Each structure stands twice: as C-alpha cells, then as structure tokens.
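**Q** Take a look at this one; I'll ask things after.
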Amino acid sequence: MITLDDPKLNEKLIRIKAYNQQYYQKNKEWLNDVSKQYNRLNKKKINEKRRAEYAADGEKQRLRAKNYLVKNREKRREYAKQYYVLNSEKVLEHNKQYHKNHRELRRSYEHNRKAVKFGIDSERFHDIEIFKRDNWVCGICGERVDRNLVHPHPYSKNLDHIIPISKGGSHTRMNTQCSHRVCNIKKYNKMPITQGVAS
Ligand SMILES: [Zn+2]
C-alpha cells in the first residue's frame, strides 16, 4: 500500500509533474489554441460559473480583485496611456458623450464644490427637481423654458442662484430657480461687481 509520505509516491508525483510540464512545453501552441477555442465557445457558461462563484464567495473575490488592482496599478496606468494613444479619437468622443449625458449631474457636483469653497450652506439635489418645481418657467423673465433645448443654446435650461454663490448665496432649493441660460448670463452682467462665473 502507498501512503502519502511514501517516498515512492513522491517520486511518482515528481515524475508525472515533469512529464506534464514537458508535454505542455512541447504542445504549447495547439494546447493554447484549444483552450482559447474552448473559452470562446463556452463564454456564456464560463461567465455564469464565475458569476455563481462570485455570488457564493463575494468577499474573497472582491479582496482578490482589489489586490490585483493595487498590485498592477502601474501596469494599468501604462495600459490606459497606450490605449489612449491608440484610440484617442474614440476616448475623446466617449468623454464628450459622457459629459453631455451627465452635464446636469456634473453641474450639481460643481455647485456643491463651490459651496464648500465659499463656506456656505449647500443641499444635495438635482437641477431637474428645481425645474419641475418651477413648472419650467424662467424665474428671471417669467417665460417658459423649453426642456428640449440643450446647452449651449441661449434659451436652454439653467439653474439660477437667486443670490449668487459668490455673493454669499447658498446652494439650496430655497435659493435656486429655473431660468434661461441667457437670462442668467444677463443678470450677472448687470451686477455691479461680479466675482467668479455665472451660476
Ligand atoms: Zn428667462
């Protein structure tokens, strides 16, 4: 009988391992091809299996993913740089679309950031909430705001701070109103001393 600490078994295992390694080295190319093809054909099955494993053991997987990201930070940065060089047009277009689609969200972040900078009150809310509250009527000229017009159209929607942030106004629901972009700009141009930009 062979037991686990049997030197004969050990020898046998080492031989098998060496044989497997040799076999792999000799047949590397087509073995890789086969495995690639298998992965390609069973993509769905493999992904499902991974997902199931992840669900079953999420914490461990998350940790592994995190470690991987930390360990390969430089590599990823290099890869991103190269990707950008090779696909700069695609990346720029993607960023442009992203900014266009998330413009209001970004504005809302900017307002909150500005509020922190000037040390004034701020609430977290989405511009659209104020536009709806004001029934899409400009608080400066009293005319309707066409919700379909997009920036930089002069009559596109704009969040106006009744007392400007730069004058100590808060970024709160109380101090904001729906406005036309052009009305907002005009209002700022009329102000005697304007600091910062129209908001
Ligand atoms: Zn207006």
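**Q** Being surrounded by 11 or more Cβ atoms within 10 Å (Cβ to Cβ) and closer than 30 Å to HIS151 by Cβ is the requirement here; does TYR83 meet it? Walk me through how you get there before you give the answer.
**A** Working: surrounded by 11 or more Cβ atoms within 10 Å (Cβ to Cβ): yes; closer than 30 Å to HIS151 by Cβ: yes.
When the stated conditions are applied, TYR83 passes them.
**Q** Something else about it: Just a yes or no: is a residue in region 3-20 in contact with a Leu (Cβ under 9 Å, 6 or more places away or on another chain), polar (S, T, N, Q) and loosely packed, with under 10 Cβ neighbours inside 10 Å?
**A** Checked region 3-20: at least one residue is in contact with a Leu (Cβ under 9 Å, 6 or more places away or on another chain), polar (S, T, N, Q) and loosely packed, with under 10 Cβ neighbours inside 10 Å.
**Q** For VAL182, are the conditions met, namely being under 19 Å from TRP136 (Cβ atoms), out of contact with any strand residue (DSSP E or B) (no Cβ under 8 Å at 6 or more places or on another chain) and modelled with pLDDT under 90?
**A** Values: under 19 Å from TRP136 (Cβ atoms): yes; out of contact with any strand residue (DSSP E or B) (no Cβ under 8 Å at 6 or more places or on another chain): yes; modelled with pLDDT under 90: no.
It is false that VAL182 is under 19 Å from TRP136 (Cβ atoms), out of contact with any strand residue (DSSP E or B) (no Cβ under 8 Å at 6 or more places or on another chain) and modelled with pLDDT under 90.
**Q** Can you tell me which condition VAL182 does not meet? The list is (1) within 16 Å of the ligand (Cβ to nearest atom); (2) free of Cβ contacts under 8 Å to residues at least 40 places away in the same chain; (3) crowded, with 17+ Cβ neighbours inside 10 Å, and all the others hold.
**A** Among (1) within 16 Å of the ligand (Cβ to nearest atom); (2) free of Cβ contacts under 8 Å to residues at least 40 places away in the same chain; (3) crowded, with 17+ Cβ neighbours inside 10 Å, VAL182 violates only (3).
**Q** If we scan region 99-117, do we find a residue that is part of a loop (DSSP other than H, G, I, E, B) and either within 30 Å of LYS157 (Cα to Cα) or touching a residue at least 60 places away in the same chain (Cβ under 8 Å) (or both)? Reasoning before the result, please.
**A** Initially, region 99-117 is screened for residues part of a loop (DSSP other than H, G, I, E, B), giving 102.
Imposing the further condition that a residue be either within 30 Å of LYS157 (Cα to Cα) or touching a residue at least 60 places away in the same chain (Cβ under 8 Å) (or both) reduces the set to 102.
Yes, region 99-117 has at least one match.
**Q** I'd like the residue in region 149-179 that is hydrophobic (A, V, I, L, M, F, W, C) and out of contact with any Ser or Thr (no Cβ under 6 Å at 6 or more places or on another chain) and, out of all such residues, is nearest to the ligand (Cβ to nearest atom).
**A** Looking only at region 149-179, we keep the residues that are hydrophobic (A, V, I, L, M, F, W, C), and these are 149-150, 159, 162-163, 165, 174, 178.
Those left that are additionally out of contact with any Ser or Thr (no Cβ under 6 Å at 6 or more places or on another chain): 162-163, 174, 178.
Numbers: ILE162: 14, ILE163: 18, MET174: 20, CYS178: 9 Å.
Checking each candidate, the answer is CYS178.
**Q** If we scan region 129-145, do we find a residue that is away from the ligand (no atom under 16 Å from the Cβ) and modelled with pLDDT under 90?
**A** Scanning region 129-145 turns up no residue that is away from the ligand (no atom under 16 Å from the Cβ) and modelled with pLDDT under 90.
**Q** Next up: Among the listed residues LYS28, LYS60, which satisfies the condition of being assigned to a helix (DSSP H, G or I) and either touching a strand residue (DSSP E or B) at 6+ places or on another chain (Cβ under 8 Å) or surrounded by 11 or more Cβ atoms within 10 Å (Cβ to Cβ) (or both)? Write out each step before concluding.
**A** Working: LYS28 fails: either touching a strand residue (DSSP E or B) at 6+ places or on another chain (Cβ under 8 Å) or surrounded by 11 or more Cβ atoms within 10 Å (Cβ to Cβ) (or both).
Answer to the check: LYS60.
The values are calculated or read from the model by the stated rules, or taken from the named source; none is laboratory data. Treat the numbers as computed from the prediction; the structure is a model and nothing was measured. No Cβ is skipped: glycine too gets one built from the backbone with ideal geometry, and neighbour counts run over all protein chains shown.
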